[in-house]
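Accompanying notes for the structure given below.
The values are calculated or read from the model by the stated rules, or taken from the named source; none is laboratory data. Quantities reported herein were computed from a predicted structural model and do not represent experimental measurements. Glycine also receives a Cβ, built like all others from the backbone with ideal geometry; neighbour counts cover every protein chain displayed.
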Amino acid sequence: MKPLTTLSALADPNRFQMIELLRDGPLAVGEIAERLGLQQPQVSKHLRVLSEAGLVEVRPVANRRFYALRPQPLQELNLWLDTFRSVWDQRLDRLDEYLQELQDRNKK
């Protein structure tokens, strides 16, 4: 798993928006360019980065290329983030307990 690669690929706002668009299903390069208001060479460059990070896959159909999301890297990123969620949950639980103690003390 390479969360840094995934995060780096998603760090660019245009690439992040492309992932958001592809969530609804595969799109051709031209459709992505049109929806984002970008030039086709820019879109192709960003899609290449997403492809190298394993986030998208390409399927050629005649002279068009359709891109689709690959869920595995996003699932791996989610698992990696889960390790941080448990740390924060524990910290928030302790904070909740501390705040409850303070409220109990103030009631006395």
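The table below lists the values:
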read-out: Residues (under 21 Å from Leu4 (Cβ atoms), touching a helix residue (DSSP H, G or I) at 6+ places or on another chain (Cβ under 6 Å) and among the hydrophobic types (A, V, I, L, M, F, W, C)) located in region 19-70; value: Val49, Leu50, Ala53, Leu55, Val56, Leu69
read-out: Given (1) within 18 Å of Asp12 (Cα to Cα); (2) of a type in the set (Gly, Ala, Ser); (3) surrounded by 10 or more Cβ atoms within 10 Å (Cβ to Cβ), number of the condition Gly37 does not satisfy; value: (3)
read-out: Complete set of residues in region 10-45 that are more than 19 Å from Asn63 (Cα to Cα), part of a helix (DSSP H, G or I) and at pLDDT 95 or above; value: Pro13, Asn14, Arg15, Phe16, Gln17, Met18, Ile19, Glu20, Leu21, Leu22, Arg35, Leu36
read-out: All positions within region 46-64 that are assigned to a strand (DSSP E or B) and under 22 Å from Leu77 (Cβ atoms); value: Val56, Glu57, Val58
